[in-house]
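Heads up: the structure comes next, in structure tokens.
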Amino acid sequence: MAELKEVFEKTENKMKKSVGHLQEEYATIRAGRANPAVLDHIMVNYYDTPTPINQLAAVSVSEARVLLIQPWDISVLRGIEKAIQTSDLGVNPQNDGKIIRLVFPPLNEERRRELVKEISKLAEEAKVAVRSIRRDSIEKLKAMKKTSEITEDDLKQAEKKIQDLTDKYVKNVDSCFAAKEKEIMEI
């Protein structure tokens, strides 16, 4: 039975990671308000090393739609500005020589709908990942049954438990999607 417990734990951990990955992806999608996480994927060339902005500067939200980036080393200011301009962020940085301001424009209805489609696609990918983990776990259980490590009854109970885990994490994905959709559609 220790093998079964191990299968359940591995399955649940993988499903948790899938939902966690979705939440990280959602954090990088801007929803009309300033969020430092939108800068997480932007790399700055700092002494020939790609470095994330949050390792080079203090990033803070000064107003609902304004991010302030205050580098610890002023010499990297131009590099940060250039990295933001060449990224797909869609915001023009304002450099005053000491700090960079990013003013996020309010989203129009069309852009909101595009973002909802995008997050819907991400949610569907996360559900597919969770179901794929379920399939792999059930195959592992069937292999254990074949080698007589578990009985037919154990297999049925384990499959039900795996399905319950799957349902739980698919619900988590749906609730993450609903929360992000509400945030985006909020005016």
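The values are calculated or read from the model by the stated rules, or taken from the named source; none is laboratory data. Keep in mind that what you see is a predicted model, and the values were worked out from it rather than measured. Note that each Cβ is placed from the backbone with ideal geometry, even for glycine, and that neighbours are counted across all protein chains shown. Just so you know, the surface numbers come from the protein's heavy atoms only, side chains and all, with ligands and any DNA or RNA stripped out. Shrake-Rupley method; radii C 1.70, N 1.55, O 1.52, S 1.80 Å.
Listed by first and then second residue, the pairs with beta-carbon distance under 8 Å, at least 6 apart or on different chains, first residue in the range 142-161 and over 12 Å from Leu4 (Cα atoms), second part of a helix (DSSP H, G or I) and among the charged types (D, E, K, R), are Glu152/Lys145.
Looking at this structure, is Glu25 open to solvent by 30 Å² or more (accessible area, probe 1.4 Å) and touching a residue at least 40 places away in the same chain (Cβ under 8 Å)?
Criteria met by Glu25.
Can you spot a residue in the range 72-87 that is within 22 Å of the chain's Cα centre (by Cα) and of a type in the set (Gly, Ala, Ser)? Looking through the range 72-87, at least one residue is within 22 Å of the chain's Cα centre (by Cα) and of a type in the set (Gly, Ala, Ser). Taking the numbered list (1) of a type outside the set (A, V, I, L, M, F, W, C); (2) under 27 Å from Lys182 (Cα atoms); (3) touching a residue at least 60 places away in the same chain (Cβ under 8 Å) in turn, Ser87 passes all entries but (3). From the list Leu68, Leu56, Leu102, which one is under 25 Å from the mean Cα position of the chain (by Cα), closer than 26 Å to Glu118 by Cα and of a type in the set (A, V, I, L, M, F, W, C)? Result: Leu102 is the single residue among Leu68, Leu56, Leu102 that is under 25 Å from the mean Cα position of the chain (by Cα), closer than 26 Å to Glu118 by Cα and of a type in the set (A, V, I, L, M, F, W, C).
I need a count of the residues in the range 87-127 that are in a helix (DSSP H, G or I), of a type outside the set (Asp, Glu), open to solvent by 30 Å² or more (accessible area, probe 1.4 Å) and at pLDDT 85 or above.
Of the residues in that region, 6 qualify.
Of all residues in the range 28-62, those satisfying the criterion of being of a type outside the set (Val, Ile, Thr), surrounded by 19 or more Cβ atoms within 10 Å (Cβ to Cβ) and closer than 17 Å to Trp72 by Cβ are Leu39, Tyr46, Leu56, Ala57. Screening the range 153-187 for residues that are open to solvent by 90 Å² or more (accessible area, probe 1.4 Å) and modelled with pLDDT under 90 and picking the one that is farthest from Lys121 (Cα to Cα) gives Asp153. Among all residue pairs at least 6 apart or on different chains, which show Cβ distances below 7 Å where the first residue, located in the range 96-117, is more than 22 Å from Ile53 (Cβ to Cβ) and the second is part of a helix (DSSP H, G or I) and modelled with pLDDT of 85 or more? Within 7 Å, the pairs are Val116/Glu181. A residue that is surrounded by fewer than 17 Cβ atoms within 10 Å (Cβ to Cβ), part of a helix (DSSP H, G or I) and within 23 Å of the chain's Cα centre (by Cα) cannot be found anywhere in the range 137-144.
Somewhere in the range 75-83, is a residue more than 29 Å from Glu181 (Cα to Cα), hydroxyl-bearing (Ser, Thr, Tyr) and in a strand (DSSP E or B)?
Scanning the range 75-83 turns up no residue that is more than 29 Å from Glu181 (Cα to Cα), hydroxyl-bearing (Ser, Thr, Tyr) and in a strand (DSSP E or B).
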